[in-house]
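**Q** One structure, as structure tokens, below. Some questions next.
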Amino acid sequence: MTLDSDSEIMPDSLYHLVAPFKQPNVGATTGKIKVTNRDTNFLTRMVSVRYTMAFDFFRATWSTFGTVFCCSGVLSAYRKSLLMEILPDFENQTFLGERCTYGDDRALTNLVLKKGLN
């Protein structure tokens, strides 16, 4: 499971995050993210707008195609057996021949999808 250090989760979040793993074709899940301090300042309002776009509108669009663009690092979970299988590829990822350490959540999502799982 991934969780940003500045995040707070609802009491039933873990239950809802892991429930889809009952289906064997699910390799990863991700949660709905909301900014709780959106009215604090301009930056927090813009983060809230970004999250609303990413987690409400874009995710709804991708779901009509039966896929997801990115399981957000803010709150996601991965099937352990699959994670152990893709870990070497994840740890050794490169971009244009250089070691890549950015976009871990997208990299993990792509590796899950590459295995043919949802």
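**Q** How compact is the chain by the rule of thumb for globular proteins, expressed as Cα Rg over 2.2 N^0.38 Å?
**A** Rounded to two decimals, the normalised Rg is 1.13.
**Q** With labels modelled as points extended 7 Å from the Cα through the Cβ direction, what inter-label distance (nm, one decimal) is found for Asp4 paired with Thr64?
**A** It works out to 2.7 nm between the two label points.
**Q** Considering the chain as a Gaussian network with a 10 Å cut-off on Cα pairs, which listed residue, Asp39, Asp89, Asp105, attains the greatest mean-square fluctuation?
**A** Of Asp39, Asp89, Asp105, the most mobile in the Gaussian network model is Asp39.
**Q** Under the definition of Cα pairs under 8 Å and six or more residues apart, what whole-number percent is the relative contact order of the chain? Numbers along the way, then the final one.
**A** Details: 116 pairs, mean separation 40.3, N = 118.
Relative contact order comes out at 34 percent.
**Q** Rounded, prolate or oblate: which one fits the range 53-118, using the alpha carbon gyration tensor with axes a ≥ b ≥ c (rounded when a/c is under 1.5, else prolate when a/b beats b/c, else oblate)? It would help to have the intermediate numbers written out before the result.
**A** Details: a/c = 2.02, a/b = 1.49, b/c = 1.36.
Because a/c hits 1.5 or more and a/b exceeds b/c, the range 53-118 counts as prolate.
**Q** Which of rounded, prolate, oblate describes the range 7-66, given a ≥ b ≥ c as roots of the alpha-carbon gyration tensor eigenvalues and a/c under 1.5 marking rounded, otherwise prolate only if a/b is larger than b/c? Walk me through the numbers before you get to the answer.
**A** On the way: a/c = 4.29, a/b = 1.60, b/c = 2.68.
Note, shape of the range 7-66 comes out oblate.
**Q** Kindly report the accessible area of the chain per residue (heavy atoms of protein chains, probe 1.4 Å, no ligands, DNA or RNA), in Å².
**A** On the way: 8460 Å² over 118 residues.
Accessible surface, normalised per residue, equals 72 Å².
**Q** Please report the spacing between the Cα centers of the range 99-117 and the range 41-87 in Å, no decimals.
**A** Between the Cα centres of the range 99-117 and the range 41-87 lies a distance of 12 Å.
**Q** Tell me the carbon and sulfur percent of the accessible area for the chain, rounded to whole percent, probe radius 1.4 Å. Spell out each step's value before the answer.
**A** Details: 4970 of 8460 Å².
The value for the chain is 59 percent carbon and sulfur by accessible area.
The values are calculated or read from the model by the stated rules, or taken from the named source; none is laboratory data. For clarity, every value in this text was computed on a predicted model and none was experimentally measured. Note: ideal-geometry Cβ built from the backbone for every residue, glycine included; neighbour counts use all protein chains shown. These accessible areas exclude ligands, DNA and RNA; they are computed on the full protein's heavy atoms, side chains included. Shrake-Rupley method; radii C 1.70, N 1.55, O 1.52, S 1.80 Å.
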